[in-house]
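The values are calculated or read from the model by the stated rules, or taken from the named source; none is laboratory data. All values reported here derive from a predicted model rather than from experimental measurement. Note that each Cβ is placed from the backbone with ideal geometry, even for glycine, and that neighbours are counted across all protein chains shown. With ligands, DNA and RNA removed, areas are computed over all heavy atoms of the protein, side chains included. Shrake-Rupley method; radii C 1.70, N 1.55, O 1.52, S 1.80 Å.
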Amino acid sequence: MNVKKLPILILLFFSICSQAQSKLTLSGFIKDGNNGETLIGATVYVPELAVGTTSNEYGFYSISVPAGDYQVEFSFLGFETITQTVSLTENTTIDVELGLSAAELTEIVVSSEAEDRNVTDLEMSVNRMDIKTIQRMPTLLGEVEILRSIQLLPGVSSVGEGSSGFNVRGGSIDQNLVLLDEAPVYNSAHLFGFFSVFNPDAVKDVKLYKGGIPSRYGGRLSSILDVRMKEGNNKQFAMSGGIGTIFSRFAVEAPIVKDKASFIVAGRRSYIDVLAGPFLEGGLDGSVLNFYDLTLKTNVNLNENNKLFLSGYFGRDNFGFGEQAGFNWGNGTATLRWNHLFNDRLFSNITFYYSDYDYEISFGEDAVNRFDWNAQIVNYSVKPELTYFINPSNKVRFGGQGIIYEFEPGNAVGISEGESSDVSLDKKYAIEGAIYAENELDISKKLKINYGLRLSYFNYTGKGRAYEFGEAPAGQRQPVTSFAEFDQWESIETYTNLEPRFSLRYQLNPQQSIKASYNRMAQYLHLISNTTASTPVDVWTPSTNNIQPQIANQVAVGYFRNFRGNAYEFSTEVYYKKMDHLVDYIDGADLLLNEFLDGDLLEGQGRAYGLEMMLKKNEGKFSGWVSYTLARTERQVEGINGGEWYPSRFDQTHNLSITAFYELNKRWSFSSNFALISGTPTTFPTSRFEQQGYVVPHNANDTRNNVRIPTYHRLDISATLEGKKNDQRRWQGQWVFSIYNLYSRRNPFSIFFRQDQNRVLPEQPITTDAIRLSVIGNFIPSVSYNFKF
């Protein structure tokens, strides 16, 4: 920096601060008047000055204006707007509680924000799913599903039924950072991807960042899914739940001290094994097939300037086949957060979290002939953050984060005739740190920007052994050349990355705007998996002295338009994402319990680009949205496909989804989803050899993903019957009838080839059959009953 310019910058800084000090600040919290939950993204507007602000993730707002008398409007979509006369002669605190509007039941939105935020807000490539909307979508087996819901948004997809996680703008599933109250969830699915780990009765807010990611987030290339839990009803005792086809859920929330402290506890359990138990005999007697989870949270207002939150999640899937084999996996998280107000303009939050993911596999006939294997990833983190509200047009956010990782790739012990063999791998350790700052600034009434910078640091450490690998022909295993031993927390390899972020919005007129964004992301963790879809036993590994961190640079430009007031919203975005240091695998890679795993990995690059469009109808008896994505996702790895670009496994050229809702009357409502998606790429042999009656498939040109499986399409419908209203009782019930895959489409998950088992006559060719594997091949009806009290 030019030293001569430093005094000018200092003078400018103090000038801004002095202007801020000449104004008075109105601040406080905005809450739901029915249960005391804070409202995220509620609007505070001063018509006399044509300025406003929104509440943050904890419901806090702060707006600085000149002294005077104002009519201040507090609003949130689905709630009644409150207009309050404020005589501002000094810094003032006003906490506001909003009540539900009479039209709340007839409005369906994909965003719980102000009606015109589609065009006026700075954010782009961001979707916030309203939990009430998610609850009204058609469901599989009667369970409200968050991850399936976001797959109906542009730019989001999966490789098919039975696949865990989701893909965003050409990224793999490990490139999505899934947060539950700020703690990362490493496997977000139950039952191999059919259900998510999020209990809808405990979820308050769901926000997905696909691009324009603020500098306060980092660690993944493609997206951030930020799920916030309810805080618990601090007005009165309440309970809710549901009884479904294969599992049920139940939640209780209540004040500990009214308007000061509250809690919520929510649990779910499936009972497939209970229903099937009487029909299992022989070796399957006593089999276990279930999943469960428990979500809990409590909070307390220590005083007007301090508030504490403590939340946790514990979930597990269990698959046991008699006494001879078993398999289970699960997540556990705990989060402690402290909100503190230094003054009317300076808000702080410090978060401590713990996250754990582990799985266990065991099989064998008895104690002297068996195999046991378990693996785990654990991390601990602290994240302080401060937000300074300089004025309605200028907000600064800055903070940092530190994370400690422990990787346990595999503890595996085999016993044969009483002889034990330990093939366990050593633990791995790493430390990640980051500092960041961002500034959201209104340059003028038309132009608004957000710019920020994140500096991330990663240290791969001991205790353990680090290997060096030699050169090998492209696409082949690298040989070990040397190794070194390292003590606990001794540095093995370090990486540092600067990650700039930038977003802007230019307002063409009250109904139209143009937005653009750029973000650079660094990812230091890698999910090692070469299967069609990820599985619970995939291995997480850190960046090492042989594996570099993944890097992505993404740019996006969008056009946003509202029609007929705000009844209709339209948005379209184009994006381009360049990815470096992506992990791939040699042919025949040994990924499990391999001490020399790094030698089986290849490094490549990727690119993803596309067009996304979305049209929404927000009001009236008939509402919903249509989303369409036209995209390409490609990889280039030396040693694969002749070094040429090839489509990735989750490349889907066309992705069309339609979501519709219809309110027939106060009791009956209907909804439907339709999806039409291009088939994903796969690799087929181009020739074959016949040897002694067996067919050996062969890919003559070593091509990767040279064909596509057939197009995916599916229609789901549901009908909801609300219980009769009775003002004399608090109990509210509803019946939900749904059909998943209405016309029994056998969508292929994969296609493989099988040799005909019949005897082949001499001189006759051996026939092979192409087999379509469909996870769901028929329609699935379900009935569930939901209640609130």
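Taken over region 19-34, residues that are open to solvent by less than 30 Å² (accessible area, probe 1.4 Å) and modelled with pLDDT under 85 amount to 1.
Condition check ((1) modelled with pLDDT under 90; (2) open to solvent by 60 Å² or more (accessible area, probe 1.4 Å); (3) assigned to a loop (DSSP other than H, G, I, E, B)) across all residues:
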{"position": "52", "(1), (2), (3)": "yes, no, no"}
{"position": "62", "(1), (2), (3)": "no, no, no"}
{"position": "71", "(1), (2), (3)": "no, yes, no"}
{"position": "77", "(1), (2), (3)": "yes, no, yes"}
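Of all the residues in region 438-455, those that are small (Gly, Ala, Ser) and open to solvent by 20 Å² or more (accessible area, probe 1.4 Å) number 1. From (1) in contact with a Lys or Arg (Cβ under 8 Å, 6 or more places away or on another chain); (2) in a strand (DSSP E or B), pick out the condition that doesn't hold for residue 426. Every condition holds for residue 426 apart from (2).
Residues satisfying the criterion are present in region 762-781 (criterion: of a type in the set (D, E, K, R), within 36 Å of the chain's Cα centre (by Cα), surrounded by 13 or more Cβ atoms within 10 Å (Cβ to Cβ) and not in a loop (DSSP other than H, G, I, E, B)).
Restricting region 662-675 to residues that are in contact with a strand residue (DSSP E or B) (Cβ under 9 Å, 6 or more places away or on another chain) and open to solvent by less than 70 Å² (accessible area, probe 1.4 Å), which is nearest to residue 600 (Cα to Cα)? Residue satisfying both the conditions and the ranking: 675. The residues on offer are 514, 435, and the sole one that is within 24 Å of the chain's Cα centre (by Cα), modelled with pLDDT of 95 or more and open to solvent by 10 Å² or more (accessible area, probe 1.4 Å) is 435. For region 171-184, a residue qualifies if it is open to solvent by less than 10 Å² (accessible area, probe 1.4 Å) and either assigned to a loop (DSSP other than H, G, I, E, B) or without any contact (Cβ under 8 Å) to a residue 40 or more places away in the chain (or both), and the qualifying residues are 171, 181. State yes or no: is residue 166 without any contact (Cβ under 8 Å) to a residue 24 or more places away in the chain and in contact with a strand residue (DSSP E or B) (Cβ under 7 Å, 6 or more places away or on another chain)? Considered against the rule, which asks whether it is without any contact (Cβ under 8 Å) to a residue 24 or more places away in the chain and in contact with a strand residue (DSSP E or B) (Cβ under 7 Å, 6 or more places away or on another chain), residue 166 comes out as yes. Of all residues in region 572-597, exactly one satisfies the criterion of being modelled with pLDDT under 95, open to solvent by less than 60 Å² (accessible area, probe 1.4 Å) and among the acidic types (Asp, Glu), namely 584. Just to verify a result, which residue in region 456-481, among those that are more than 12 Å from residue 546 (Cβ to Cβ), in contact with a Gly (Cβ under 9 Å, 6 or more places away or on another chain) and assigned to a strand (DSSP E or B), is most open to solvent (accessible area, probe 1.4 Å)? Out of the qualifying residues, it is 457. In region 617-695, counting only strands (runs of 3 or more DSSP E) that sit wholly within it, the ones holding 2 or more residues that are among the basic types (Lys, Arg) span 622-637.
Out of 753, 737, one residue alone is touching a residue at least 24 places away in the same chain (Cβ under 8 Å), surrounded by 13 or more Cβ atoms within 10 Å (Cβ to Cβ) and farther than 22 Å from residue 246 by Cβ. It is 753. Of all residues in region 157-170, those that are aliphatic (A, V, I, L, M) and farther than 19 Å from residue 740 by Cβ total 1.
Residues in region 482-505 that are surrounded by fewer than 11 Cβ atoms within 10 Å (Cβ to Cβ) and charged (D, E, K, R): 2 in all. Beta carbons closer than 8 Å, at least 6 apart along the sequence or on distinct chains, pair a first residue in region 764-785 that is farther than 26 Å from residue 734 by Cα with a second that is part of a loop (DSSP other than H, G, I, E, B) and of a type in the set (Asp, Glu) for 766/756; 767/756; 768/756; 769/756; 775/161; 776/161.
Taken as a whole, region 684-696 holds no residue that is among the polar types (S, T, N, Q), touching a strand residue (DSSP E or B) at 6+ places or on another chain (Cβ under 8 Å) and surrounded by 15 or more Cβ atoms within 10 Å (Cβ to Cβ).
Residues that are open to solvent by less than 10 Å² (accessible area, probe 1.4 Å) and of a type outside the set (Ser, Thr, Tyr) within region 186-200 comprise 189, 190, 195, 197, 198, 199, 200, listed in sequence order.
Test of understanding: among 496, 544, 481, which residue is touching a helix residue (DSSP H, G or I) at 6+ places or on another chain (Cβ under 8 Å) and within 26 Å of residue 469 (Cα to Cα)? From the options 496, 544, 481, the qualifying one is 544. Taking region 522-536 as the range and being open to solvent by less than 30 Å² (accessible area, probe 1.4 Å) and out of contact with any Ser or Thr (no Cβ under 8 Å at 6 or more places or on another chain) as the test, only 523 passes.
Only a single item in (1) open to solvent by less than 50 Å² (accessible area, probe 1.4 Å); (2) part of a strand (DSSP E or B) is not met by residue 374, and it is number (1). Mind listing just one residue for me: the one in region 311-369 that is outside any strand (DSSP E or B) and among the polar types (S, T, N, Q) and, of those, farthest from residue 273 (Cα to Cα)? Residue satisfying both the conditions and the ranking: 343. When you look at residue 719, is it surrounded by 14 or more Cβ atoms within 10 Å (Cβ to Cβ), more than 25 Å from residue 654 (Cα to Cα) and touching a strand residue (DSSP E or B) at 6+ places or on another chain (Cβ under 8 Å), yes or no? For residue 719, the condition - surrounded by 14 or more Cβ atoms within 10 Å (Cβ to Cβ), more than 25 Å from residue 654 (Cα to Cα) and touching a strand residue (DSSP E or B) at 6+ places or on another chain (Cβ under 8 Å) - is met. For residue 508, the stated conditions hold: it is open to solvent by 30 Å² or more (accessible area, probe 1.4 Å) and more than 21 Å from the chain's Cα centre (by Cα). A Cβ distance below 6 Å, combined with a sequence gap of six or more or placement on separate chains, defines the contacts here; from region 467-485, residues that are free of Cβ contacts under 8 Å to residues at least 24 places away in the same chain reach residues that are open to solvent by 60 Å² or more (accessible area, probe 1.4 Å) and in a strand (DSSP E or B) in the pairs 470/481; 481/468; 482/468; 483/465; 485/465.
Residues that are open to solvent by 30 Å² or more (accessible area, probe 1.4 Å), under 30 Å from residue 565 (Cβ atoms) and at pLDDT below 95 within region 618-661 comprise 619, 620, 621, 622, listed in sequence order. Only residues that are under 27 Å from the mean Cα position of the chain (by Cα), in a loop (DSSP other than H, G, I, E, B) and not hydrophobic (A, V, I, L, M, F, W, C) were counted in region 706-736, giving 1.
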